[in-house]
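Structure first, commentary second.
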Amino acid sequence: MDGAAIAINEQRFAPNIKNVIAADEFGPVADGNIGELLKFVPGVTLDYIDGAPMGISMSGVPADNVPVMMDGFNLASAQNATNRKVELVNISTSTLSRIEVSYTPTPESPGMALAGSVNLVPRSAF
């Protein structure tokens, strides 16, 4: 199956409200920043620094309280040691298969994911 068909089925059979984006649907993205894909998702607002998307805020919740995960594991930011905000400039779209934006928490969601979370699914495990 291609990426778009997988994304549609993931969204269709999800236990919660979520949008799933196939990363290959948009083609090559300038600078490879995932924020350039997420700016088209409803309910997602990006924090810009010097014209580049750096943080994800959802449903009015600041970027510090929106968990960004890679294949279900929380990402950490090397630039911000005092808060939980993940800098999007460090994540490239070239290694991603799809991006899952969840709006409602499920039992396995992190505790700070009250407004939602973003899960990045890589193309392969290696």
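Where a number appears in this text, it was derived from the coordinates with a stated rule and is not lab data. From a predicted model like this one, the values you see are computed outputs, not experimental measurements. All Cβ positions, glycine included, derive from the backbone under ideal geometry; neighbour counts span all protein chains shown.
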Magnitude of the Cβ-charge dipole of segment 1-91, K/R +1 and D/E -1, about the Cα centre, nearest 20 debye? 340 debye
Counting only DSSP loop positions in segment 59-126, the GluC sites (Glu not before Pro) whose Cβ has at most 10 other Cβ atoms within 10 Å are 108
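In µm²/s, what is D for segment 1-75 at 25 °C and 0.890 mPa s, where D = kT/(6 pi eta Rh) by Stokes-Einstein and Rh is the Kirkwood radius from Cα pairs?
D, rounded to a whole number, is 178 µm²/s.
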Candidate values (1) 21; (2) 32; (3) 38, label of the one derived for percent of Cα pairs over 24 Å apart: (1)
For residue 104, list long-range residues whose amide hydrogen, built 1.01 Å from N in the peptide plane, is under 5 Å from its own amide hydrogen. 17
